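Okay, structure first, notes after.
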Amino acid sequence: MAIDFAHAALLIIDVQNDFCPSYRTKDGTLSQPGALAVPGGNEIIPIINHLASKFDKHHAPIVATQDWHPQGHCSFASSPATAGGEQGMWPDHCVQGSWGAELHSELNQNPIRLMIRKGFRSYLDSYSAFFENDHITPTGLEGYLKNLEITSLYLTGLATDYCVKYSALDARRIGFTVSVISEAVRGVDYPADSIQQAMKEMKNAGVAFITLNELSF
Ligand code: VGL
Ligand code: ZN
């Protein structure tokens, strides 16, 4: 399958230290694991770097997202329940300004053209690159991509069953063709079976799953 680079963009979802089983701190020390480590999260990084070099060569936009929570964010289990009665289910992660919130040091950031930060409102979580979890508040990414006449999105990153899934479903809803690159995503798989469930939901919504060897550059 050939990519139509004139109308394609690569999305790199949340490849941040806190979502990886190991990462290097500023002074080069190896730390493990991140606060919300996704099994195999590190393994996708060389694949994403490879894909990004191809998109970059063709001047196709590369967008990365960054989960970016204030301390005490509503998605943290450590925070009191919100007014709506919802209790966060995640360990504290990707706190604004923390090392855990930085993109992983092995991810080549040079080809990234746009960074979208999300989840910065204390009372509202945001899994998707396009809308916060109220499904109404936009991040602005839709306008950016449509302004560049992008119609096809190639998704990579973490986590398959949360931020990748919500991004893929929103992207379909607003009219993009969406392909998830199978080797370039990993999931939390919590609760049990949530990766399988997420893949089913995405496929039902018209999201394609493609492997690297199906792509020709
Ligand atoms: C994510 C859980 C909480 C993700 C972000 O990037 O998939 N998951 N925040
Ligand atoms: Zn989060």
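Here the label points at residue 182 and residue 197, each 7 Å from Cα along the C-beta direction, are separated by 2.3 nm in the simple model. For segment 129-217, GluC sites (Glu not before Pro) are listed when DSSP marks them as loop and at most 13 other Cβ atoms sit within 10 Å of their Cβ; the list is 149. Element breakdown for the chain at a 1.4 angstrom probe: carbon and sulfur atoms account for 51% of the accessible area.
The tail of the calculated P(r) for the chain, taken as Cα-Cα distances beyond 28 Å, holds 23 percent of the pairs. What number comes out for the charge environment of residue 133, summing +1 per Lys or Arg and -1 per Asp or Glu over other residues with Cβ under 13 Å away? Combined, the nearby Lys, Arg, Asp and Glu give -3.
Taking every protein chain into account, the accessible area of segment 8-214 amounts to 44 square angstrom per residue (probe 1.4 Å).
For the chain, a simple Cβ point-charge model (Lys and Arg +1, Asp and Glu -1, everything else neutral) yields a dipole of about 380 debye relative to the Cα centre.
Relative to the longest principal axis of the Cα atoms of the chain, the long axis of helix 194-204 lies at roughly 40 degrees.
Quick check: Cα centre of segment 161-210 to Cα centre of segment 13-90, how many Å? After rounding, the separation between the Cα centres reads 17 Å.
What nm value, rounded to one decimal, do you get for the distance between residue 204 and residue 81 when each label is placed 7 Å out toward the C-beta? Each label point lies 7 Å from its Cα, and together they span 2.8 nm.
The values are calculated or read from the model by the stated rules, or taken from the named source; none is laboratory data. Just so it is clear, the structure is predicted and the values come from calculations on it, not from any experiment. Neighbour counts run over all protein chains shown; Cβ positions are idealised from the backbone, glycine included. The area values use the complete protein model at the heavy-atom level, side chains included, leaving out ligands, DNA and RNA. Shrake-Rupley method; radii C 1.70, N 1.55, O 1.52, S 1.80 Å.
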